[in-house]
Every structure is written in C-alpha cells, then in structure tokens.
Amino acid sequence: MVALALDIGGTKIAAGTVDADGTVPHPATTPTPATAVAAACAALLREVAGNAKVTSVGIACAGPVDTVAGTVSPINIEEWAGGFGLVGLVQEVFPGVRTRLAMDGAAAALGEYHHGAGRGAPDLLSLVVSTGIGGGVVLGGRIATGRTGNAGHIGHLVVPGGTEPCTCGGVGCLETVASGPSSVRWARSRGWRGSTGVELARAAADGDAIAVASLDRAGTALGQAIASAAALLDVDLAVIGGGFAQAGPPLWEPMHRAAARHARLSFVADLRVVPAELGASGTLVGAAVLAAGEG
C-alpha cells in the first residue's frame, strides 16, 4: 500500500510515492501539455503507483483552488482556467482513495514547515517568488486555508508604488512589482537590454545601475508585503523560495531592510526572513505531507 503526492504547475507535473519520512525520494515528472492535462496527470499517477494499492493522494496545484468543491482554476493552465474537478479525476483513477487538495503555495509552506527552513517553528509565512508570486501560511502546524483554500495569496497584496494591471484583474499587486518577469519589464522600460530574471540578477551583481534599481524595487516591495502579512498573522518567520529568490544580495538586502523598517510592533520585531531549503521540490513535499494525513 502506498500514498502518492501530485504537484501540478504551469510548466511541469510531478508525482511520486511518499516515503516513511513524508518525503518523495524518486519523483517522476512530465511537461504540462497545452491540452489533455487531465490525461497527463492520470498517466503519471498510474506510472508511479505501479501495481501497488493506493491509500491516499495529496495534491498541490496552482491556484485559485476550491478545496471544498475539489476544483482548480489555475491561471497558468489555460485548459483548466474555467474550473476543473481535479479531486474527481484522482478518485476516478483510484476509486475510494482518500484525497486532499491544497494550493501550491500552501503546500510549499507545509513542506518547509515539516522538512525545510520552518522545522521547529510554531508558525510560518511562505513565499514563492518566481514567474509569479505565490504563498502559504502554516499556523499551529496546520495550513491556514481560508474559506475556499486560497489563504496565503500574498502575491496579490497591493504594495506602495504598484500601478500596473495584474493577471488577476486587479491593479498594483505585489506580483506586478516583484516577480521575475515584472522586474525584467521594469528594467527594460528604462533601457536595460536583457530579457530574463537570471540575466537581470547577473547584471545587478555586476553593478548595472538599472538592474540594481529593479531588484531594489522588487526587494523593497517584498519586504513591505512580508512585514504587513507578519503583523496581520502574528508570525515571526517568513521563508522565501522560488527561482527569482535566487537573485542574491541585490534582492535580499533591500528585502531585509524593508521588512525590518516596517515590522515594528513588538510581536513582529524579531521577524526572520530566510531562504527556503527545499527548492523546487518543496511543493511536492508538501503534497506528500497532505497524503500522509498531516497539515
């Protein structure tokens, strides 16, 4: 008998069997197709399950999600953007199996809480800073889900200076200021000639003034949002992962300065902002925790 973890994102789908320690030692992956995403998920689950009897499946998916209805409407999976019954799909593949669904940011937070930078902490706020900005919250060892499972969408906090339209339909969200593509767009509008977040980080490390200013802007916005969320939630640990979070000191130093400047209430005065430890596997590890019946 085995438990399975499934992680569905706009770029790839990952799945694997859950080990005794709650991790996924040998995940299998496949690119997320433009169409027939459900078939790709089902095929991958069957592949990793083999002939074993499946007892539970933990699912992490890009949001928005509806954990009550068992549906997902991910912005970055066009075929499912209008809503898809993901829990129903898994239960078609494995009839009667116990299935738990969480937003990908929430799953990443849960993974870090149990197996990463949040080990030993009572609560934490997690951010995934990449093409977009996701997040999740763990309070008292449990995911804070909210009414529909979407609690933790920190990328859609409105930050000072944010004026651009967001893919969510709002204006001025953190994601429009501090994600990798948003930072690249801002830099290019001011004459920088590169095209990726990796190039932007490298240019900032080399002292390019526009690249430095772009990462300073992003880091400051992140620090402001983190301090605001920490005060709202009464947490003193923020764990930051994602590809763009690897941009180094030009991003992290302004992030730390802004968080310290704004986290002034006594209960957040010791706020720690630290790198995630699990990297790209964090979301799948969180799904494994769900499959194991924790979180």
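The values are calculated or read from the model by the stated rules, or taken from the named source; none is laboratory data. No experiment lies behind these values; they were computed from the predicted model shown. Virtual Cβ from ideal backbone geometry, glycine too; neighbours counted across all protein chains shown. Heads up: the accessible areas ignore ligands, DNA and RNA and are worked out on the full protein's heavy atoms, side chains in. Shrake-Rupley method; radii C 1.70, N 1.55, O 1.52, S 1.80 Å.
Summed over the range 75-99, the residues that are open to solvent by 80 Å² or more (accessible area, probe 1.4 Å), touching a residue at least 24 places away in the same chain (Cβ under 8 Å) and not in a helix (DSSP H, G or I) give a count of 3. Taking the range 231-258 as the range and being over 17 Å from the mean Cα position of the chain (by Cα) and either in a strand (DSSP E or B) or closer than 16 Å to Ala144 by Cα (or both) as the test, the residues that pass are Ala231, Leu232, Leu233, Asp234, Val235, Asp236.
The number of residues in the range 156-189 that are without any contact (Cβ under 8 Å) to a residue 60 or more places away in the chain and on the phi > 0 side of the Ramachandran plot comes to 2. Scanning the range 147-190 for residues that are β-branched (Val, Ile, Thr) and part of a strand (DSSP E or B) yields Val158, Val171. If you go through the range 100-140 and pick out every residue that is farther than 21 Å from Thr176 by Cα, assigned to a loop (DSSP other than H, G, I, E, B) and either open to solvent by less than 10 Å² (accessible area, probe 1.4 Å) or in contact (Cβ under 8 Å) with a residue 12 or more places away in the chain (or both), you end up with 6.
Please give the number of the condition Arg261 fails out of (1) part of a helix (DSSP H, G or I); (2) surrounded by 16 or more Cβ atoms within 10 Å (Cβ to Cβ). That leaves (2) as the condition not met.
Filter the range 264-291 for residues that are out of contact with any helix residue (DSSP H, G or I) (no Cβ under 8 Å at 6 or more places or on another chain) and touching a residue at least 40 places away in the same chain (Cβ under 8 Å); which is most open to solvent (accessible area, probe 1.4 Å)? Filtering the range 264-291 for residues that are out of contact with any helix residue (DSSP H, G or I) (no Cβ under 8 Å at 6 or more places or on another chain) and touching a residue at least 40 places away in the same chain (Cβ under 8 Å), the one most open to solvent (accessible area, probe 1.4 Å) comes out as Val274.
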